[in-house]
Amino acid sequence: KEIGGDFYDFFLIDDDHLCLVIADVSGKGIPASLFMMNSKVLIKSFASGDNTPAEVLEKANKEICENNQMEMFITVWLGILELSTGKMVASNAGHEYPVIGHTGEEFEIIKDNHGFVVGGMEGVKYNDYELQLSPGDKLFVYTDGVPEATNSKNELFGTDRMLEALNADKYAPVEEMLRNVRKAVSEFA
């Protein structure tokens with residue numbers, strides 16, 4: 001029960017394209033971990049071709065739905081960044097909204113168009129959308145463990161507190177920003 005099914009990955013598709021993926025498998029324990037490993041391999045395999053993020057999710061969904069005896073599913077956010085231009089094409093399969101911090105500005109949630117979870121139903125179509133990143137911009141992706149952290153009063157941490165923690169020092173190095181978020185979640189919970 002202590003083994004989770006969250007995962008993230010990043011890898012170069014070619015010299016100018018970086019793929020970023022974060023996902024959360026339903027369930028816990030060994031079955032979720034094995035499902036996560038299989039899903040991660042499928043996503044990386046499809047992303048390494050000439051597919052858009054939406055096509056990667058559609059192909060992974062098809063493959064998972066054809067052989068899903070455990071009846072599990074995953075939420076996935078996947079983005080492909082063109083390093084030379086800063087253009088990112090992304091797609092979201094029921095995952096948490098990404099957060100972007102443009103240089104010198106407050107972090108904000110990007111309310112993208114969610115598709116259905118991967119592995120939940122055959123034939124699902126996903127949508128691509130674009131983000132423009134400039135040097136110094138920061139992208140923050142996370143799983144539901146951050147906004148759903150609960151305190152002793154049974155209140156959720158939520159995305160407002162998460163944004164406060166990110167914006168506490170928007171010029172901090174990314175490692176420090178992550179420590180700020182982790183500390184805020186720990187103190188709240």
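The values are calculated or read from the model by the stated rules, or taken from the named source; none is laboratory data. On a predicted model such as this, the values are computed, not experimentally measured, just so you know. Virtual Cβ from ideal backbone geometry, glycine too; neighbours counted across all protein chains shown. What goes into the accessible areas is simple: the full protein's heavy atoms, side chains included, and nothing from ligands, DNA or RNA. Shrake-Rupley method; radii C 1.70, N 1.55, O 1.52, S 1.80 Å.
Do any residues in the range 30-50 that are within 17 Å of Phe10 (Cβ to Cβ) have Cβ atoms under 8 Å from those of residues that are basic (Lys, Arg) and at pLDDT 90 or above, where the two are at least six apart or on different chains, and which pairs are they?
Matching pairs, first to second residue: Leu42/Lys59; Phe46/Lys59.
Determine if the range 99-109 includes at least one residue that is hydrophobic (A, V, I, L, M, F, W, C), part of a loop (DSSP other than H, G, I, E, B) and either farther than 25 Å from Asn51 by Cβ or within 12 Å of the chain's Cα centre (by Cα) (or both).
Initial filter on the range 99-109 (hydrophobic (A, V, I, L, M, F, W, C)): 99-100, 107, 109.
Okay, now just the ones that are also part of a loop (DSSP other than H, G, I, E, B), so 107.
Remaining after also requiring either farther than 25 Å from Asn51 by Cβ or within 12 Å of the chain's Cα centre (by Cα) (or both): 107.
Yes, the conditions are met somewhere in the range 99-109.
Matching residues to (1) in contact (Cβ under 8 Å) with a residue 12 or more places away in the chain; (2) open to solvent by less than 20 Å² (accessible area, probe 1.4 Å); (3) assigned to a loop (DSSP other than H, G, I, E, B); (4) small (Gly, Ala, Ser):
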position: Glu130; (1), (2), (3), (4): yes, no, no, no
position: Ser134; (1), (2), (3), (4): yes, no, yes, yes
position: Lys153; (1), (2), (3), (4): no, no, yes, no
position: Ala172; (1), (2), (3), (4): no, yes, yes, yes
position: Glu175; (1), (2), (3), (4): no, no, no, no
position: Asn180; (1), (2), (3), (4): yes, no, no, no
position: Ser186; (1), (2), (3), (4): no, no, no, yes
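Looking at the range 6-46, which of its residues are farther than 16 Å from Tyr142 by Cβ, of a type in the set (Gly, Ala, Ser) and in contact with a strand residue (DSSP E or B) (Cβ under 9 Å, 6 or more places away or on another chain)? So that I can check it myself, show each step before the final result.
Residues of the range 6-46 that are farther than 16 Å from Tyr142 by Cβ, as a first pass: 11-19, 26-46.
With the extra rule that they be of a type in the set (Gly, Ala, Ser), the set shrinks to 26-27, 29, 32-33, 39, 45.
Within the range 6-46, Ser26, Ala32, Ser33, Ser39 qualify.
Looking only at the range 99-128, count every residue that is surrounded by fewer than 18 Cβ atoms within 10 Å (Cβ to Cβ) and among the hydroxyl-bearing types (Ser, Thr, Tyr) and tell me the total.
1
Name the strands (runs of 3 or more DSSP E) wholly within the range 1-98 that hold at least 1 residues that are open to solvent by 60 Å² or more (accessible area, probe 1.4 Å) and in contact with an Asp or Glu (Cβ under 9 Å, 6 or more places away or on another chain)?
Values: elements: 6-14, 17-25, 74-82, 87-93.
Qualifying strands (runs of 3 or more DSSP E): 6-14, 87-93.
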